[in-house]
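K.L.:
The structure's right below; bear with me while I get my questions together.
The values are calculated or read from the model by the stated rules, or taken from the named source; none is laboratory data. Since this is a predicted model, take the numbers as computed values, not measurements. Cβ placement follows ideal geometry from the backbone for every residue including glycine, while neighbour counts extend to all protein chains displayed. Each accessible area value is taken on the protein alone, full model and side chains, heavy atoms only, with ligands, DNA and RNA left out. Shrake-Rupley method; radii C 1.70, N 1.55, O 1.52, S 1.80 Å.
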Protein chains: 2
Amino acid sequence: MRIHLPAEQIPTAWFNALPAMPVEMAPPLHPGTREPIGPDDLAPLFPMGLIAQEVSTEPWIEIPGEVLDILRLWRPTPLVRAERLERALGTPARIYFKDESVSPAGSHKPNTAVPQAFYNKAEGINRLTTETGAGQWGTALSFACTQYDMDVKVYMVRASYEQKPYRKILMETWGGEVVPSPVDDPGHPGSLGLAISDAVRDAVSRDDTHYALGSVLNHVLLHQTVIGLEAQEQLALAGERTPDVVVGCCGGGSNLGGIALPFMPDPSVRLVAAEPASCPTLTQGKFDYDFGDTAGMTPLMQMYTLGREFVPPSIHAGGLRYHGDSPIISALVHCGRMEAVAYPQGKTFEAAVQFANAEGKLPAPEAGHVIRAVIDEALAAKELGEERVILFSYCGHGFLDLAAYDDYLNGRLVDA
Amino acid sequence: MRIHLPAEQIPTAWFNALPAMPVEMAPPLHPGTREPIGPDDLAPLFPMGLIAQEVSTEPWIEIPGEVLDILRLWRPTPLVRAERLERALGTPARIYFKDESVSPAGSHKPNTAVPQAFYNKAEGINRLTTETGAGQWGTALSFACTQYDMDVKVYMVRASYEQKPYRKILMETWGGEVVPSPVDDPGHPGSLGLAISDAVRDAVSRDDTHYALGSVLNHVLLHQTVIGLEAQEQLALAGERTPDVVVGCCGGGSNLGGIALPFMPDPSVRLVAAEPASCPTLTQGKFDYDFGDTAGMTPLMQMYTLGREFVPPSIHAGGLRYHGDSPIISALVHCGRMEAVAYPQGKTFEAAVQFANAEGKLPAPEAGHVIRAVIDEALAAKELGEERVILFSYCGHGFLDLAAYDDYLNGRLVDA
C-alpha cells in the first residue's frame, strides 16, 4: 500500500533540529587557531544563506519557491506500507518506508543538492566543487547544478572512479566534470577524506567557486527533514498516530537525520541508527573533536570519530564509509536520545534480497543496513507479540550496485 | 505535476482490443501444415488461461485478485505532466507521460510477467523458459516467478550476456537461471530470434515447463492495457478530456499497445509508433506472414517483418531490435489507424538527455525513441500554435544503460 501526499501538501519549511536538541552542542573550531569559528571563516567555502542555516535557532526555515519548483519533480515521495514483507516475516509489526529512491539520482541526496545549488547561485556563485565516494552525492549535485546552469567539478574516490564507471557517466550526462582523487597521486586508491581535501583546496583557490558537502553539516540535515515531515502527514493519512521506532542507515548522518529529526521532540518515539560493523563510528568511535577531512583543512567538529586517518575496508555501502559523523546525530547518540546498531555486510545483503523478493524493490547496499535493522525490529515485535509501528527511510535503489549483489550471491563478500 | 490514481481505482479488467479492431485479422498458421492453428497446437507452450485470452472476443477480461495483489506493489503508476520539458521547448502543447519505470524491473514488462506466471502456476506449471535481449523481460519474469515460487530459465542473447552483466545479476537476485544463447554455438553473438528458438525448444522438451513471451502476442498486449486505462482516469483527474495524440516506442509492440489500445476506439485520437531507423519494421518492413523466431518453430503470424533472418545493427535500444511486430499493431498500421515514425539513435539520445535535464529522469534507450517523437510533436504544435495534448508511455529508466550514454556523450554511437 502506497500513501501519496497531495502535491500541494509538500512541506514549505524545513524543521530545524538545533533549538530542539536535548543537549547543548559544542561549537566547531577553526583548524588553525582552535577557537570557535564565525561566519567569515566559512565564507570562502559556503554562501551566507547556508552559513546562516548552519547556526540558526529558528525552529522552522522557509523553503524558497524556486527550490520547491524543482523538488516537486519527485516530491512528495510515496510512503509505502511493506505488507508483503510483514507477511513474509509473520510479524504483527506495521512497517512503513519513505521511498527516496524515486529522485533523479535514485537517493535522498538531491533533497539538499538542490537548495545548496540555489543558495550559491543566489549569491553569484557559478561553480561548485565536491567529493563523492561511490557517486551518489556527485550525481545529485550534478543534477542540481544543471537546473541552475552552474558548473560542477566532482572529485571521485579513485577506486570507485575506476571500478564503478556507471555513476561517473550519470554525472557526466548531467553535465558534471568528474576527476579521480587524490589528484596529486595517481597510484593512490583514494578515500572520502582525501577527496574532501581536494575539493576544498579547489574551492578556496578560486573566487567564482564554492564547496558543497553532501552530509554531516547542520544545514544538510536540515534540508533532508522534508523526508520525516512528509512521513508524519502520510502516517496520519494511513490512520497511524506516531511510529514506535524510526530507523535510518547512517554514514554522515543526513539520511537518518532527514527521517528522524522531525520525530526527535516526541520522547515516545525511539530513534535508531544502523551502520556497518566495518566502519562502526557511532558504536565504537570516540566522542571528540576531529577534522571532517583527512588533510585537516576543515573546521574541527565534536562528533563520534574513528580518527581522520581511519580507512574503512572497501565494503559496498560506499555511502557509509566515513570516519566521522554528523555533530547532531553524534550528540543525540551521546546523550542517549538515539540508539545505534552495527551489522556486517553479509547480514545486510541477506536482508536486502529478502526485501527485493517481498517488495519488488532492489535496495542500495546502504539501504540494506536499515532494512536489516527493520527486520530485526519486526522479529523482536513478533517475539513479544507487539503491534510495533516501524518507519524507515528507503534511501536509495541498487540498480547501480549490482556488482555488489553478484559478490553476495557468489560468496565473495568481505565482512560477510 | 504528478497525478496519482487512488489505490482502489486500479483497473480490475483488461481492455481487449480484438473485438474493437477496425479490420479483420488473419489467423496464425501452424509452422508445419500452414493451416490456422487451434488451442491444442499452443498447449505445449502456454496454459489454457492465456490461450483463451489470445483469441477472446470479450471486450473486457477480469484481472484475477492474486494478480492485482502483486501489481499493487507499483500500480497505479504516476501520470506526470512534463511541465519543465514543455517550458524548455516553449511549446503550447501539454505533455503527459505514464511512468512505467517505477516497477520492480524498471520497465512496463512486469505488467504481463505477473499474469503470465499466475496463469501457468494455476495450471500446475512450476517452470518457465524465456528469451531476453538486454535483459528487461528476463528480469520481469524472474521477479514474477519468485512471487509464485516458480523456476525460470532465461536464454539471454550472448552479446548482451557478456557485455551487460548487470541485468543478468538482477535476474539472478530474483532467482532466475540465466544462460547465454545460442546454447549450441558458443562463438555466436546471438539474436532475439535465436534465443526464442532456444527457449521454445527447452519448453517443448519437458512436461513441467512452459514458455513465456514478453511481447508481440495478443495476450501480452492485453495485459499491458492497464497503462492506457489508468492514463484515461488520470487525464480526467487532470482536467483533460482526451489526448490529441498517444505515442509509444515499438519493438514487439506491447508497450505501445498498452498505452494506445484503450484509446483506439476513439477516432479523434491519433496513435503513433516510434521505432529505430536501423530496425524499421513498421516503416519499411513487408506486411506478410512470417515466423516469430529465427529457426521457424513458432506459428506464422501476419505482421510487418524485415524477415526472420534480419539481424539489426547492435543499437543500444535492445528492446526495439526485433525483425517482426505484434499482429495487432501491424494491422493498425496497415489499415491506417496508426502512424509510424523511425529515428536514428543519435537523435533519440539527444532527446533523452534533454528529457533527463528537464524532468530529472534518465530514460532507457528505448524510451529515448518515444521522447524524440514527443518532442517533435510538441515542436510541430508550437509551429502551428496548437494546444496539443500529448500522452506517452515512459516505458523504462536507463540506470542499467549508462554505457550507452557514455557512447553518446563521447561520439561513439553507430547510426548516429
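K.L.:
Listed residues A:Glu230, A:Glu240; which is in contact (Cβ under 8 Å) with a residue 12 or more places away in the chain, charged (D, E, K, R) and open to solvent by 10 Å² or more (accessible area, probe 1.4 Å)?
P.N.:
That would be A:Glu240, the only listed residue that is in contact (Cβ under 8 Å) with a residue 12 or more places away in the chain, charged (D, E, K, R) and open to solvent by 10 Å² or more (accessible area, probe 1.4 Å).
K.L.:
Any residue in the stretch A:374-389 that is in contact with a Cys (Cβ under 8 Å, 6 or more places away or on another chain) and either touching a residue at least 24 places away in the same chain (Cβ under 8 Å) or open to solvent by 10 Å² or more (accessible area, probe 1.4 Å) (or both)?
P.N.:
No.
Conditions (1) of a type in the set (Gly, Ala, Ser); (2) at negative phi, marked per residue:
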{"residue": "A:Tyr343", "(1), (2)": "no, yes"}
{"residue": "A:Ala364", "(1), (2)": "yes, yes"}
{"residue": "A:Val370", "(1), (2)": "no, yes"}
{"residue": "A:Val374", "(1), (2)": "no, yes"}
{"residue": "A:Leu379", "(1), (2)": "no, yes"}
{"residue": "A:Ile390", "(1), (2)": "no, yes"}
{"residue": "A:His397", "(1), (2)": "no, yes"}
{"residue": "A:Asp401", "(1), (2)": "no, yes"}
{"residue": "A:Gly411", "(1), (2)": "yes, no"}
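K.L.:
Counting only residues that are more than 23 Å from A:Arg2 (Cα to Cα) and away from chain A (no Cβ under 13 Å), how many does the stretch B:64-87 have?
P.N.:
Of the residues in the stretch B:64-87, 1 are more than 23 Å from A:Arg2 (Cα to Cα) and away from chain A (no Cβ under 13 Å).
K.L.:
Further question: Would the stretch B:111-129 turn up any residue that is among the aliphatic types (A, V, I, L, M), crowded, with 24+ Cβ neighbours inside 10 Å and under 30 Å from B:Ile390 (Cα atoms)?
P.N.:
yes
K.L.:
A:Ile61 is checked against (1) open to solvent by less than 40 Å² (accessible area, probe 1.4 Å); (2) under 24 Å from A:Gly292 (Cα atoms); (3) away from every other protein chain (no Cβ under 14 Å); (4) of a type outside the set (Asp, Glu) and fails just one. What number does that condition carry?
P.N.:
If we test A:Ile61 against (1) open to solvent by less than 40 Å² (accessible area, probe 1.4 Å); (2) under 24 Å from A:Gly292 (Cα atoms); (3) away from every other protein chain (no Cβ under 14 Å); (4) of a type outside the set (Asp, Glu), just (2) comes out false.
K.L.:
Name every residue in the stretch A:395-409 that is more than 9 Å from chain B (Cβ to nearest Cβ) and either over 24 Å from A:Phe97 (Cβ atoms) or of a type in the set (Asp, Glu) (or both), in order of residue number.
P.N.:
Listed by number, the residues that qualify are A:Asp401, A:Asp407.
K.L.:
Here are some conditions: (1) modelled with pLDDT of 95 or more; (2) touching a helix residue (DSSP H, G or I) at 6+ places or on another chain (Cβ under 7 Å); (3) open to solvent by 20 Å² or more (accessible area, probe 1.4 Å). A:His188 meets all but one. Which one does it not meet?
P.N.:
It is condition (1) that A:His188 fails.
K.L.:
As an exercise: evaluate A:Ala231 against (1) in contact with a helix residue (DSSP H, G or I) (Cβ under 8 Å, 6 or more places away or on another chain); (2) not in a helix (DSSP H, G or I) and give the number of the one condition it does not meet.
P.N.:
All conditions are met except number (2).
K.L.:
Also, I was wondering about something else. Any idea which residue in the stretch A:302-318 is nearest to A:Pro36 (Cα to Cα), counting only those that are in contact with a strand residue (DSSP E or B) (Cβ under 8 Å, 6 or more places away or on another chain) and of a type outside the set (A, V, I, L, M)?
P.N.:
Checked the stretch A:302-318; the qualifying residue nearest to A:Pro36 (Cα to Cα) is A:Gln302.
K.L.:
Considering only residues of the stretch B:4-25 that are of a type in the set (S, T, N, Q) and open to solvent by 40 Å² or more (accessible area, probe 1.4 Å), which is nearest to the other protein chains (Cβ to nearest Cβ)?
P.N.:
Step by step, filter the stretch B:4-25, then rank; the result is B:Gln9.
K.L.:
Out of A:Arg2, A:Arg34, A:Arg81, which single residue is on the phi > 0 side of the Ramachandran plot and out of contact with any Gly (no Cβ under 8 Å at 6 or more places or on another chain)?
P.N.:
A:Arg34
K.L.:
Which ranges mark the strands (runs of 3 or more DSSP E) fully within the stretch B:88-183 that have 3 or more residues being in contact with a strand residue (DSSP E or B) (Cβ under 9 Å, 6 or more places away or on another chain) and within 12 Å of chain A (Cβ to nearest Cβ)?
P.N.:
Of the strands (runs of 3 or more DSSP E) lying wholly inside the stretch B:88-183, none has at least 3 residues that are in contact with a strand residue (DSSP E or B) (Cβ under 9 Å, 6 or more places away or on another chain) and within 12 Å of chain A (Cβ to nearest Cβ).
K.L.:
Also, I was wondering about something else. Would you check which residues across the stretch B:262-292 are farther than 16 Å from B:Leu391 by Cα and part of a helix (DSSP H, G or I) and list them?
P.N.:
Matches in the stretch B:262-292: B:Thr281, B:Leu282, B:Thr283, B:Gln284.
K.L.:
Condition test on B:Pro6, is it closer than 22 Å to B:Ile63 by Cα and modelled with pLDDT under 95?
P.N.:
yes
K.L.:
Further question: Any idea which of (1) more than 14 Å from every other protein chain (Cβ to nearest Cβ); (2) closer than 29 Å to B:Asp69 by Cα is the one A:Pro28 doesn't satisfy?
P.N.:
(2)
K.L.:
Here's a follow-up. Within the stretch A:198-211, can you find the residues that are part of a helix (DSSP H, G or I) and in contact with a Pro (Cβ under 8 Å, 6 or more places away or on another chain)?
P.N.:
A:Asp198, A:Ala203, A:Val204
K.L.:
Being within 13 Å of chain A (Cβ to nearest Cβ) and either open to solvent by 10 Å² or more (accessible area, probe 1.4 Å) or without any contact (Cβ under 8 Å) to a residue 60 or more places away in the chain (or both) is the filter here, so list the residues in the stretch B:333-350 that pass it.
P.N.:
Within the stretch B:333-350, just B:Glu350 meets the criteria.
K.L.:
Whether any residue in the stretch B:318-325 is of a type in the set (Ser, Thr, Tyr), surrounded by fewer than 24 Cβ atoms within 10 Å (Cβ to Cβ) and modelled with pLDDT under 90 is what I want to check.
P.N.:
no
K.L.:
While we're looking at this one, here's another question. So which residues in the stretch A:130-161 are surrounded by fewer than 24 Cβ atoms within 10 Å (Cβ to Cβ), hydrophobic (A, V, I, L, M, F, W, C) and modelled with pLDDT under 95?
P.N.:
Taking the stretch A:130-161 and keeping what is surrounded by fewer than 24 Cβ atoms within 10 Å (Cβ to Cβ), we get A:146, A:148-151, A:153, A:158-159, A:161.
Filter once more, so that each one left must be hydrophobic (A, V, I, L, M, F, W, C): A:150, A:159.
Passing the criteria: only A:Ala159.
K.L.:
Being outside any loop (DSSP other than H, G, I, E, B), more than 14 Å from chain B (Cβ to nearest Cβ), in contact (Cβ under 8 Å) with a residue 40 or more places away in the chain and open to solvent by less than 10 Å² (accessible area, probe 1.4 Å) narrows it down to one of A:Gly193, A:Gly214, so name that one.
P.N.:
Criteria check complete, one pass: A:Gly193.
K.L.:
Here are some conditions: (1) under 23 Å from the mean Cα position of the chain (by Cα); (2) in contact (Cβ under 8 Å) with a residue 24 or more places away in the chain; (3) away from chain A (no Cβ under 14 Å); (4) in a helix (DSSP H, G or I). B:Asp41 meets all but one. Which one does it not meet?
P.N.:
(1)
K.L.:
Let me ask something else. Considering only the stretch A:248-270, state which residues are crowded, with 24+ Cβ neighbours inside 10 Å, aliphatic (A, V, I, L, M) and within 17 Å of A:Val374 (Cβ to Cβ).
P.N.:
Let us first name the residues in the stretch A:248-270 that are crowded, with 24+ Cβ neighbours inside 10 Å, namely A:248-262.
Then keep just the ones that are aliphatic (A, V, I, L, M); that gives A:256, A:259-261.
Within the stretch A:248-270, A:Leu256, A:Ile259, A:Ala260 meet the criteria.
K.L.:
Name, by its number, the condition in (1) at pLDDT 95 or above; (2) over 17 Å from the mean Cα position of the chain (by Cα) that does not hold for B:Ala364.
P.N.:
The number of the failed condition is (2).
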